[in-house]
Structure formats: structure tokens, C-alpha cells
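One structure below.
Throughout, read-outs are computed from the coordinates displayed, never taken from laboratory work. Predicted model, so just to flag it, every value in this text is computed and none were measured. Counting neighbours? That spans all protein chains shown, and the Cβs are built from the backbone with ideal geometry, glycine included.
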């Protein structure tokens, strides 16, 4: 089995690229989905996040209000960023779940391509877990436009939020240096699909 990490900055199009890999036959898991599961009420990670950040991050139904948590984690006027505190709680549990998933995929299909989509592979220092690293990039203006469309907010608000979150991430230039493969998601979907197909073919060749 070949293990690949799929990463890139916020709103670069990692999830869209991940879906393209799925259509070609790869197995893909998203770190964001795992983190969402682990931060549901009753989960140990949920309890620790609430203990650390306070009940002000909770909605009326007891679930974590993600915009409120993000405001605390990434900082806001008059408040220092606490993203490292959040990552220290969530990342180990997410990485453990990812490793369990990859082991299970390998048991079921020794020739599989297992891809973990995660924004902070390099930042968390876990790139060595993977045989190959794929980085998705796009132009800064596209990042803002996509983030605005995703959240239904103005581009001005999106630009501020993207800048705030990118401050906690390694710059694309550095990620590209660490990558085995780079997918430029600045063009059309067809152009991105063509690049994904080329990368998948190379990965598939390594599993034979």
C-alpha cells in the first residue's frame, strides 16, 4: 500500500482534489471530518477543548460553535492566538485515527493508495508518515474568493480571515519545496483533473 498526504493552504481546493482522487480509485480520508467526529459532545477531545477554551465556545445545544472556537484559536483584535493549544489537543487524536484507518486500508487491499487530506501535515511535523506528499496550490485572490463563497461572507471579511489563518500555516512556497507532487488548482476544473490523473498514474505505478 502507498500512503500519501494531501495538503495545501486554506481554500486551496484540497477537498475537491481529494474527490478527484476518489473517482480514480484512491481511498481518501479528511482530517477535518475526523476532527469533527472527535469534538462531538461526550468525546474525550471535546471535553478537553471545552475545559481549555471555556463554555463560551458552546452553542445552546452543547455542541462546539466552530466560528467562536476559531475566533479564540486564531486570535482577534485584543486577543492573542491560541491555535497551538487547540492543535496540541486535537492533532494527536486525529493522527492516531488516521494511522488506524491507513492500517485498515492496507489490510483490506495491500495495493491501495491511501490518501490523508489535512491542512497541517507539515506544520504538525508528521510528513514522514507518508510515502509521498501532494501539495495543492492556487492564487491568493482565488483563495479569498473561494473562502468567501464557502462561508457566504464578503470578500473583505474573507481576506481578513484567510490572512489570520494563513499566519498559522507554512507558506505555499515552503510546502512546494517539501512536495513530491504539486497540483496547481488556479485554472479550470478540467486542468486540475488532468494534473490529478497524472499524479494518480504515478502513484499507481509505485504500488505495482
| In whole Å, how far is the Cα centre of the stretch 4-56 from that of the stretch 57-117? | 5
| Separation of the residue 201 and residue 61 label points, Cα + 7 Å toward Cβ, nm | 4.6
| request: Express the relative contact order of the chain as a whole percentage, based on alpha carbon pairs under 8 Å and six or more residues apart in sequence. | output: 36
| query | Hey, with R₀ at 35 Å, roughly what FRET efficiency would residue 155 and residue 176 work out to, going by the Cβ-Cβ distance, to 0.05? | reply | 0.85
| Tilt relative to the chain, helix 140-151 - C-alpha long axis, 0 to 90 degrees, to 10 | 60
| remark: Asserting the computed 222 nm helical MRE of the chain (DSSP H runs at least 4 long, -39500 (n - 2.57) per run, divided by residue count, to nearest 500) equals -17500 deg cm²/dmol
| remark: In degrees, nearest 10, the alpha-carbon axis of helix 14-24 is tilted away from the dominant principal axis of the alpha carbons of the chain by 30
| said: Please list, by residue number, everything in the stretch 25-66 whose backbone N is under 19 Å from a paramagnetic label point 7 Å out along Cα→Cβ of residue 107. | reply: 27-29
